[in-house]
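The values are calculated or read from the model by the stated rules, or taken from the named source; none is laboratory data. No experiment lies behind these values; they were computed from the predicted model shown. All Cβ positions, glycine included, derive from the backbone under ideal geometry; neighbour counts span all protein chains shown. Accessible surface is based on the protein model in full, side chains and every heavy atom, while ligands, DNA and RNA are left aside. Shrake-Rupley method; radii C 1.70, N 1.55, O 1.52, S 1.80 Å.
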Amino acid sequence: MFICTVRAQTVRFAGVLCLALAILFGVAVIADAGAAIVPPEETVETVSFSRVKTDEDRLKLLTDLGWKTTGEVVEEESFTLPETFDRVLLGYNEIQKDQGLDLTRYRKKKVTRYTYEITNYPDYEGRVYANLIVWRGRVIAGDISSADPMGFVRGLEADPG
């Protein structure tokens, strides 16, 4: 005759271990099934507004945004942003906010504006410029604008298509 004894504590431990393994297996199966159902996300290329210390960096940024330039800085000007923004600067900052930038963090900071001539602006015969406002190697604002006083000012991103 063969007798086997098992303590209650051992039975409880084996039960908890089996339950934990079942839960782990269930989570793995659900996660794997969920991954098969969810379509892969599209890779979205983002443009970095930081690390634009040289002229080549600024030209690359404009190219990445879809613009072609003459390759030369038309104008470079340093100035200090005012502490309080007037109506015009508040409106300009709204354009910046739409593209993920905000000038209000840089009040009373000395910045530099670099202007480049755009050569591939669609359906416009006049001169078009890209302005990049840079503080410590980071683009903090930018726009595409026409040279015409009654022209346009818009964000940096080129129209798709």
(Q) Condition first: surrounded by fewer than 13 Cβ atoms within 10 Å (Cβ to Cβ), β-branched (Val, Ile, Thr) and more than 23 Å from Arg51 (Cβ to Cβ). Can you find one or more residues in region 88-97 that meet it? (A) yes
Q) Among the numbered criteria (1) farther than 17 Å from Val153 by Cβ; (2) out of contact with any Ser or Thr (no Cβ under 9 Å at 6 or more places or on another chain), which single criterion is violated by Arg107? A) (2)
**Q.** Positions within region 48-62 being part of a helix (DSSP H, G or I) and surrounded by 12 or more Cβ atoms within 10 Å (Cβ to Cβ), in sequence order
**A.** Asp55, Asp57, Arg58, Leu59, Lys60, Leu61, Leu62
Q | Checking Lys110 against (1) surrounded by 14 or more Cβ atoms within 10 Å (Cβ to Cβ); (2) without any contact (Cβ under 8 Å) to a residue 60 or more places away in the chain; (3) of a type in the set (Lys, Arg), the condition it does not meet | A | (1)
Q. How about region 113-161: which of its residues are open to solvent by 50 Å² or more (accessible area, probe 1.4 Å) and in a strand (DSSP E or B)?
A. Trp135, Arg138, Val153
Q. Taking region 63-82 only, how many residues are part of a helix (DSSP H, G or I) and open to solvent by less than 80 Å² (accessible area, probe 1.4 Å)?
A. 0
